[in-house]
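Each remark here refers to the structure printed beneath this line.
Derivation of every value follows stated rules applied to the coordinates shown; laboratory data play no part. Just so it is clear, the model here is predicted, and its values are computed rather than measured. Note that we place each Cβ from the backbone using ideal geometry, even for glycine, and neighbour counts take in every protein chain shown.
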Amino acid sequence: MSFVANRLRDWVPAAAFLVLGLVAWQVLVSVLSIQRFLLPKPTQIASAFWNERHSLWSAGWFTFQEAVGGFVIGSAVAILVGLVLARWKPLRSAVMPYAIAANAVPIIAFAPITNAWFSPLSKSSKIAIAAVLCFFPVLVNTIRGLTSVRPESIELMRSYAAGEIEIFRRVRVPAALPYIFTALKVASVLAMIGAIVGEYFGGSIEALGVQIKNSASLFQFETAWAAILVACLLGIAFYLAVALAERIVTRWQPTPGRGE
C-alpha cells in the first residue's frame, strides 16, 4: 500500500499540471479568439476523438505495427553489432566514427527514397525508417554499457579462468542492461516518430500519418489533433511497456531513492 501511495503522490503534481494546462488552453483560445486552424479547443478535439474513435484507433494500430517492427529490427541488429564491436576493439575503433557520422544525418530525409525502394503503400518503407532511427542510439549505448565494466570485475573473472564468452555473459551484459534499456526507451519514441513522419511522404490510407495529413489538408483540424492525440497515447504506452520490461529484467539493481 505504501508503494501505491508513493506512486500516486508522485503522479498527482503531473496530473494537476495537465488539468490546469487544458483549462488554460480552453480559456485562452476563447479569450484570444484564436482561429481553429491555428489551435482548436480541447473540447473540440475531444469531440472529434470520440466521434472518429474507430477509424483513429484502427489507423493508430496500423502505424503502431510499423513502429514496433522498426523498433524490433533496428534494436536487435544494433545490440548484435554492439556485441561484436565491444568484443573486438580494433574493429570498434574503425567503425564507430562512421556510425557517429551517420547518426548526424537526418534519417527522415530518406523517407521519399525508402518509398522508392519499397512500395509506398506497404509498411516496409516506414519500418525501414523506424529501424534506422532506432539503430544508432541503441548501438552507441550498447557499446558504452559493454565497455564500462570495472577492470576489477574482469580481472576477478579471469582469475577464475573464465573465457571471454563467460565474461560477456556474467559481467558485461548485466552491466550493460541499464544502458541498453535507456536506449530502448528513447528508441520506442523515435520508432513512432519515424513511422508517422514516414507516412507523410506516402502511405496507406489506413495509416495514422496519412490521416493527420489528409485531415489538415481538408481543414478538419480537430480530427488532425485527435489523430495526434492517438499517436501520443500509443507512444506513451510503448514507452511504458519498455520501462516495465526494464523493471522486470533489471529488478536485481537497486532503485534510486529506495529506502529513503
Gaussian network model of the chain, springs between alpha carbon atoms under 10 Å - residue of L85, L20, L229 with greatest fluctuation: L20
Helical segments meeting 27 Å axial Cα length and Kyte-Doolittle 1.0 threshold in the chain (DSSP H): 2-31, 53-87, 124-146, 173-200, 221-249
Cα lying deepest toward the dipole's positive end in segment 8-139, options F118, S93, W57, charges on Cβ: S93
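Report the percentage of all Cα-Cα pairs in segment 1-147 whose separation exceeds 20 Å, rounded to a whole percent.
Result: 69 percent of Cα pairs exceed 20 Å.
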Answer label for Rg and Dmax of the Cα atoms in Å (calculated), chosen among (i) 18.1, 62; (ii) 16.5, 46; (iii) 22.3, 75: (iii)
Of A104, A224, A187, the one that fluctuates the most in a GNM where the chain has Cα springs shorter than 10 Å: A104
Within the chain, helix-based [θ] at 222 nm, where runs of 4 or more DSSP H residues each add -39,500 (n - 2.57), nearest 500: -26000 deg cm²/dmol
With at most 15 neighbouring Cβ atoms within 10 Å, loop chymotrypsin sites (Phe, Trp or Tyr not before Pro) (DSSP) excluded, longest segment of the chain: 161-218
Ranked I193, I143, criterion: other C-beta atoms within 10 Å, fewest first: I193, I143
Eligible lysines near K213 by straight Cα distance, threshold 16 Å, same-chain separation 8 or greater: K126
Label-point separation, Y98 to S148 (7 Å along Cα→Cβ), nm: 2.6
